[in-house]
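Let me begin by presenting the structure, written as structure tokens, before commenting on it.
The values are calculated or read from the model by the stated rules, or taken from the named source; none is laboratory data. Nothing here was measured: the structure is a model prediction, and the numbers come from that model. Heads up, the Cβs are rebuilt from the backbone with ideal geometry, glycines too, and the neighbour counts pull from every protein chain shown.
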Amino acid sequence: MSTQKESLFSKKNMKLIKDPLNDSNPISIQVLGICSALAITIMLENAFVMSMSVLFVLIMANVVVSLIRNLIPDKIRIIVQLVIVATLVITVDQILKAYVYEVSKQLSVFVGLIITNCIIMGRLEAFALGNKPGPAFLDAIGNAFGYTWILLVVGFVREVFGSGSVWGIKFIPDSWLIDNGGFYEHNGLMLLSPIALFLVASVIWVQRSKNRKLIEEN
Amino acid sequence: MAVNKNSIGYTVTFAIVLVTICGALLATLATSLKPAQKANVDNEKRQFILAAAGAYKMEDLKAMEKAEISKIFDEKIAQNVFDVNGNEIEGEKAFNIDIVKEFKATKNDASIRKYPMFTFKDAGKEKYIIPMAGNGLWGPIWGYIALGSDKNTIEGVVFDHKGETPGLGAKIAEQTFQDLFTSTTKKIMSDEGKYYGIKVVKGGLKNPNHEIDAIAGATITSNGVGEMLEPGFKPYMRAFGNEIK
């Protein structure tokens, strides 16, 4: 670490935000946190609430772990991180249950499973333990938004084609549906988890075809 | 004085302090959010009961304020609690019985179970809403079944579950499955006065008035619904004055 005081918004620090949005995206490049990306992206609203929950947990955990990084005994550092993450996740879960009950029901176990979201443990272990709170905060924002935009894209596509709505607002009139004598049918596959795998893969494909450096050699 | 971060004493102290802080935070949070969470659960229960009664659509209920739903509920719903023989238990409020907890607590002895019932009265007509709970594949399932004023024909159902598989068992909570109960006549008792309940069967209905098609791919959840619905109406039928063994 340089002794010189570094601005929080220096070029190096801004890279902490920008990189995870694109070239080191936690989902499409590091392929972490996939299970929640598959499970809760049926509707845009769920994807959004899930993303915001991850944002909150990741920022708080990154900052808290970074603040006490010099106090944490090495031998129990993983379990210490887990306790902090678990506390934050339960906080989120309780708040969702109290204020957005419907959404919390749909997210069901996946809020609890944020604890095991590899993005969070990954950032704590790789970044927060060795950096100051400021950069850890930015790193958390970068990674959480890297996660968010992919979830929102997948959620948007799945909701539009699977339910004919955006954010719960239907734009395909019921009279168009084949059941009601029309010509349109919602794509049922979009409502099932596997389709998210194809959509995430498509994102990965587009991203790597635009930036060939990202393609692994083997 | 430099602290040895790797000493056992430091490690244990750190762990104890951390867990105490986290525990205290969570306890405070859980206590302060409890009333809001309970209000949500109660509100959902009222929504289910009113939706099963068929007087309101679920979407409309979801758009309503909690206070409004509570007002409608108190105005139009009467409550009774019965024992297994259909005798009314005095001094119990049906709404206060958590049907899933009651089911679990009396799993081994259904004869000591309390059976709540809600009666919906509107425009001189009555509907009897019967809550039930059972076991799905991953956790409890429950439902509210509304019988018409003949105290026999099903006029509406709502099911819900804790965590059945989306796309398979979770279909019990979907309209398509719930419509099976009302699209053709389903009765609890035959015209001759014999008790059938509702069976969930595979491979075609043999007794269409008392049977429902199972959900393909969700055998255990479907069986759970069947095990819940087949015997579940007995105490209520006794309460309605039918002779049932």
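Residue-level analysis places B:ALA51 among those that are assigned to a helix (DSSP H, G or I), touching a residue at least 24 places away in the same chain (Cβ under 8 Å), buried (at least 18 other Cβ atoms within 10 Å of the Cβ) and not polar (S, T, N, Q). The set of residues from the stretch A:21-47 being of a type in the set (S, T, N, Q), buried (at least 22 other Cβ atoms within 10 Å of the Cβ) and more than 18 Å from A:GLY112 (Cβ to Cβ) comprises A:ASN25, A:SER28.
So is B:GLU90 away from every other protein chain (no Cβ under 14 Å), more than 30 Å from A:LEU71 (Cβ to Cβ) and assigned to a helix (DSSP H, G or I) or not? So that I can check it myself, show each step before the final result.
Details: away from every other protein chain (no Cβ under 14 Å): yes; more than 30 Å from A:LEU71 (Cβ to Cβ): yes; assigned to a helix (DSSP H, G or I): no.
So B:GLU90 does not fit the description; no.
Every residue in the stretch B:195-206 that is surrounded by 11 or more Cβ atoms within 10 Å (Cβ to Cβ) and of a type in the set (Lys, Arg), please. Full working, then the answer.
Of the stretch B:195-206, the ones surrounded by 11 or more Cβ atoms within 10 Å (Cβ to Cβ) are B:195-202, B:205.
Hits for the stretch B:195-206 are B:LYS199, B:LYS202.
Of the residues contained in the stretch B:69-83, one or more are found to be within 14 Å of chain A (Cβ to nearest Cβ) and either assigned to a helix (DSSP H, G or I) or surrounded by fewer than 16 Cβ atoms within 10 Å (Cβ to Cβ) (or both).
Listed here are the residues, each with its yes/no results for (1) under 30 Å from A:ASN211 (Cα atoms); (2) of a type in the set (A, V, I, L, M); (3) modelled with pLDDT under 90.
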| position | (1), (2), (3) |
| --- | --- |
| A:ASP19 | yes, no, yes |
| A:ASN22 | yes, no, yes |
| A:SER66 | no, no, no |
| A:LEU107 | no, yes, yes |
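If the condition is being of a type outside the set (A, V, I, L, M) and within 14 Å of chain B (Cβ to nearest Cβ), then the stretch A:94-149 contributes A:GLN94, A:LYS97, A:TYR99, A:TYR101, A:GLU102, A:SER104, A:LYS105, A:GLN106, A:SER108, A:PHE110, A:GLY112.
Of all positions in the stretch B:127-141, at least one carries a residue that is more than 21 Å from B:PRO231 (Cβ to Cβ) and either crowded, with 23+ Cβ neighbours inside 10 Å or modelled with pLDDT of 90 or more (or both). The strands (runs of 3 or more DSSP E) falling completely within the stretch B:138-245 that include 3 or more residues that are of a type in the set (Val, Ile, Thr) and under 24 Å from B:PRO116 (Cα atoms) map to B:154-161. Would it be correct to say that A:LEU152 is touching a residue at least 24 places away in the same chain (Cβ under 8 Å), more than 14 Å from chain B (Cβ to nearest Cβ) and over 30 Å from B:LYS34 (Cβ atoms)? Judged against the criteria, A:LEU152 is a match.
Just one of A:THR91, A:THR41, A:THR87 is in contact with an Asp or Glu (Cβ under 9 Å, 6 or more places away or on another chain) and within 14 Å of chain B (Cβ to nearest Cβ); which is it?
Just a single option satisfies the conditions, and that option is A:THR41.
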